[in-house]
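Quick one: this structure, given as structure tokens, is what I'll be asking you about.
The values are calculated or read from the model by the stated rules, or taken from the named source; none is laboratory data. For clarity, every value in this text was computed on a predicted model and none was experimentally measured. Please note: Cβ atoms are built from the backbone with ideal geometry, for glycine as well, and neighbour counts cover all protein chains shown.
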Amino acid sequence: MSTLQYIPKIIEWCHPFELARKMDEKCWVLLYSGVRNNYSGRYSILACGIKEQLKSASFTELAKQLSSDKHQFENAWFGYLGYGLKNSLENLKQDEAGWLDMPDLCMMSFSNIYQFDHDNKTLVLWSNGRHGIQIKPFPQNPIIPTVINIHSNMAREEYLEKAQHVINKIHAGDLYQANLTRKFYGEFAQNPDYFHIFSKLCEVSPAPYSAFIRMDDSYIISSSPELFLNIDPAGNIITRPIKGTAPRGENKKSDDELRRQLITSEKDRAENLMIVDLMRNDLTRCCVAGSVKTDSLFDVTTHATIHHLSSTVSGKKHAECSTIEAVKAIFPPGSMTGAPKISAMNLCSDLEKIKRGVYAGAIGWFGGDGSCDLSVVIRTLLIKGNKFEFQVGGGIVSDSTPQKELDELISKAKGILLTLGIPTDILN
């Protein structure tokens with residue numbers, strides 16, 4: 001842990017992208033709030049000037065590094081917690097390696113942390129003065145190269161069969177819900193401008209929890225609408241699971257009707273309620289008795305390409321429970337597993353037959369004051385060189401139908417498909 005104090009300096013306001021486009025460092029992170037709402041979106045953070053990089057298959061080493069008695073940005077760590085960390089928490093089935101092999105966990109600490117306040121248009125640099133900033137010329141007219149060699153871990157018919165298998169398992173009483181996913185792989189005809197892809201995704205599909213992470217030759221490009229976990233320095237915990245989806249309409253009339261159907265859909269409400277119950281149960285493992293409550297239920301949040309049904313659950317962390325222990329108690333996000341959690345995870349491993357990797361985990365930061373803010377890894381591209389992958393999934397319940405579940409995957413992938421210029425029929 002650094003002993004150098006982080007000194008704040010107010011600098012001239014600029015949009016986060018103006019600074020990010022100039023980054024010429026091997027490792028840096030931008031957590032970008034692309035949508036302002038009543039629960040998030042005020043701040044963006046850019047961290048650069050790397051001090052340490054931690055890669056692991058468990059939470060153990062990260063837990064040793066975290067603190068709870070410093071300023072938020074002193075001893076802060078940024079990065080991701082991959083879905084594969086589940087195997088360090090429970091005795092679960094091992095998943096096969098995938099197309100892009102990244103560590104289960106990668107967290108980094110930095111000397112320079114820019115905090116953008118979008119409401120007040122102020123920008124503060126927190127720096128310990130240890131590392132300068134490497135910048136490059138602004139790229140002129142970048143383009144996204146042609147995408148080639150698209151394939152998936154399961155074809156359309158195979159997905160439909162496996163979705164029906166999940167439904168049969170639910171009818172047999174083996175579980176209540178499972179989040180079955182498909183992974184798609186492809187290549188660019190040449191190495192792309194990675195940040196241009198991110199800025200394009202944010203334009204096509206803006207979200208409150210967007211993220212651009214560079215780790216040497218690997219890139220994570222995310223535009224997630226879902227909060228996994230926010231913990232403040234006082235130990236107040238909030239989670240906001242999303243379950244229930246409808247596409248946007250072609251005009252206002254059809255859009256309003258699709259939104260109405262989502263609000264009144266018994267299937268989507270049941271899907272959401274199951275995950276709320278799961279998250280409430282997970283929170284009781286780390287929260288003061290009686291503090292866990294459902295603050296809102298079945299809220300509709302509308303995004304550029306999709307409508308979602310979400311709920312808010314909160315609690316008060318036990319004083320003796322550290323922030324990382326609270327995260328472990330709830331990880332992985334229940335909206336990405338199903339219920340009961342272990343049964344759902346094992347079933348999905350059997351059917352998907354490949355590591356989810358970063359997908360279905362969490363992206364964000366841990367503060368030196370015991371706080372953290374983590375999004376769910378959905379609507380996310382992983383890129384190495386000219387190779388990329390993305391993954392989409394949905395919660396299957398007793399009254400699901402395989403074709404409608406497939407249609408939902410297409411709706412969820414629309415932002416990435418539009419960004420990369422991939423036709424939607426690639427998912428069919």
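In segment 189-205, which residues are more than 30 Å from Lys404 (Cα to Cα) and either of a type outside the set (A, V, I, L, M) or in a strand (DSSP E or B) (or both)? Give the steps one after another, and end with the answer.
Our first condition is that a residue be more than 30 Å from Lys404 (Cα to Cα); within segment 189-205, this holds for 189-196, 199.
Passing the criteria: Gln190, Asn191, Pro192, Asp193, Tyr194, Phe195, His196, Ser199.
Listed residues Leu273, Leu278, Leu258; which is among the aliphatic types (A, V, I, L, M), at pLDDT below 90 and not in a strand (DSSP E or B)? Even if it seems obvious, please write down each step before you answer.
Values: Leu273 fails: at pLDDT below 90; Leu278 fails: at pLDDT below 90.
That would be Leu258, the only listed residue that is among the aliphatic types (A, V, I, L, M), at pLDDT below 90 and not in a strand (DSSP E or B).
Moving to a separate point now. So Val392 ticks every box in (1) in a helix (DSSP H, G or I); (2) aliphatic (A, V, I, L, M); (3) under 15 Å from Arg156 (Cβ atoms) but one. Which box is left unticked?
Checking Val392 against (1) in a helix (DSSP H, G or I); (2) aliphatic (A, V, I, L, M); (3) under 15 Å from Arg156 (Cβ atoms), the one that fails is (1).
Further, regarding this structure: Could you figure out which of (1) modelled with pLDDT of 95 or more; (2) more than 25 Å from the chain's Cα centre (by Cα); (3) of a type in the set (Lys, Arg) isn't true of Lys86?
If we test Lys86 against (1) modelled with pLDDT of 95 or more; (2) more than 25 Å from the chain's Cα centre (by Cα); (3) of a type in the set (Lys, Arg), just (2) comes out false.
Return only the number of the condition from (1) modelled with pLDDT of 95 or more; (2) over 18 Å from Ile237 (Cα atoms) that Val313 does not satisfy.
The failed condition is (2).
Right, next: I'm checking my understanding of the structure. Among residues of segment 26-62 that are outside any strand (DSSP E or B) and among the charged types (D, E, K, R), which one is farthest from Asp117 (Cα to Cα)?
We begin by selecting, within segment 26-62, every residue outside any strand (DSSP E or B); these are 26, 33-42, 57-62.
From the residues that got through so far, the ones that are among the charged types (D, E, K, R) too are 26, 36, 42, 61.
Numbers: Lys26: 26, Arg36: 11, Arg42: 6, Glu61: 32 Å.
Only one residue fits best here, namely Glu61.
How many residues does segment 77-95 hold that are in a helix (DSSP H, G or I) and among the aliphatic types (A, V, I, L, M)? Lay out the reasoning, then the answer.
If we filter segment 77-95 for residues that are in a helix (DSSP H, G or I), which is where we start, we get 83-89.
Those still in the list that are among the aliphatic types (A, V, I, L, M) too: 85, 89.
Qualifying residue count for the region: 2.
Tell me which of these Ser411 doesn't satisfy, since it passes every other one: (1) in contact (Cβ under 8 Å) with a residue 40 or more places away in the chain; (2) over 19 Å from the mean Cα position of the chain (by Cα); (3) over 21 Å from Ile220 (Cβ atoms).
Just one mismatch for Ser411, condition (2).
For the structure I just gave you, tell me whether Gly368 is crowded, with 24+ Cβ neighbours inside 10 Å, touching a residue at least 40 places away in the same chain (Cβ under 8 Å) and of a type outside the set (A, V, I, L, M, F, W, C).
Details: crowded, with 24+ Cβ neighbours inside 10 Å: no; touching a residue at least 40 places away in the same chain (Cβ under 8 Å): yes; of a type outside the set (A, V, I, L, M, F, W, C): yes.
So Gly368 does not fit the description; no.
Okay, moving on. Would you be able to say whether some residue in segment 337-359 is surrounded by fewer than 23 Cβ atoms within 10 Å (Cβ to Cβ), under 17 Å from Arg182 (Cβ atoms), of a type in the set (Lys, Arg) and out of contact with any helix residue (DSSP H, G or I) (no Cβ under 8 Å at 6 or more places or on another chain)?
Checked against the condition, which is being surrounded by fewer than 23 Cβ atoms within 10 Å (Cβ to Cβ), under 17 Å from Arg182 (Cβ atoms), of a type in the set (Lys, Arg) and out of contact with any helix residue (DSSP H, G or I) (no Cβ under 8 Å at 6 or more places or on another chain), segment 337-359 yields at least one hit.
Residue by residue, here is whether (1) in a strand (DSSP E or B); (2) surrounded by 13 or more Cβ atoms within 10 Å (Cβ to Cβ); (3) in contact with a Lys or Arg (Cβ under 6 Å, 6 or more places away or on another chain) holds:
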site: Ile150; (1), (2), (3): yes, yes, no
site: Glu158; (1), (2), (3): no, yes, no
site: Gln164; (1), (2), (3): no, yes, no
site: Asn168; (1), (2), (3): no, no, no
site: Gly173; (1), (2), (3): no, no, no
site: Thr181; (1), (2), (3): yes, yes, no
site: Phe184; (1), (2), (3): yes, yes, no
site: Glu187; (1), (2), (3): yes, yes, yes
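Continuing with the same structure: So for segment 116-125 (the condition being among the charged types (D, E, K, R) and part of a loop (DSSP other than H, G, I, E, B)), does at least one residue qualify? Don't jump to the end; show me each part of the working.
So the first thing to find is which residues in segment 116-125 are among the charged types (D, E, K, R), and the list is 117, 119, 121.
In the following step, the residues that additionally are part of a loop (DSSP other than H, G, I, E, B) were identified as 119, 121.
Within segment 116-125, one or more residues are among the charged types (D, E, K, R) and part of a loop (DSSP other than H, G, I, E, B).
Let me ask something else about it. Filter segment 206-227 down to the residues that are part of a strand (DSSP E or B) and in contact with a helix residue (DSSP H, G or I) (Cβ under 8 Å, 6 or more places away or on another chain), then identify the one that is nearest to Gly385 (Cα to Cα).
Step one: filter segment 206-227 for residues part of a strand (DSSP E or B), giving 209-215, 218-224, 227.
Checking which are in contact with a helix residue (DSSP H, G or I) (Cβ under 8 Å, 6 or more places away or on another chain) leaves us with 210, 212, 214, 219, 221, 223.
Working: Ser210: 21, Phe212: 15, Arg214: 12, Tyr219: 9, Ile221: 14, Ser223: 20 Å.
Ranking the candidates gives Tyr219 first.
Restricting to segment 38-54, give me the number of residues that are farther than 20 Å from Leu125 by Cβ and either under 18 Å from the mean Cα position of the chain (by Cα) or of a type in the set (Ser, Thr, Tyr) (or both).
Total satisfying the criteria: 3.
Among the residues of segment 263-317, what is the count of those that are in contact with a Gly (Cβ under 6 Å, 6 or more places away or on another chain) and either on the phi > 0 side of the Ramachandran plot or without any contact (Cβ under 8 Å) to a residue 60 or more places away in the chain (or both)?
7
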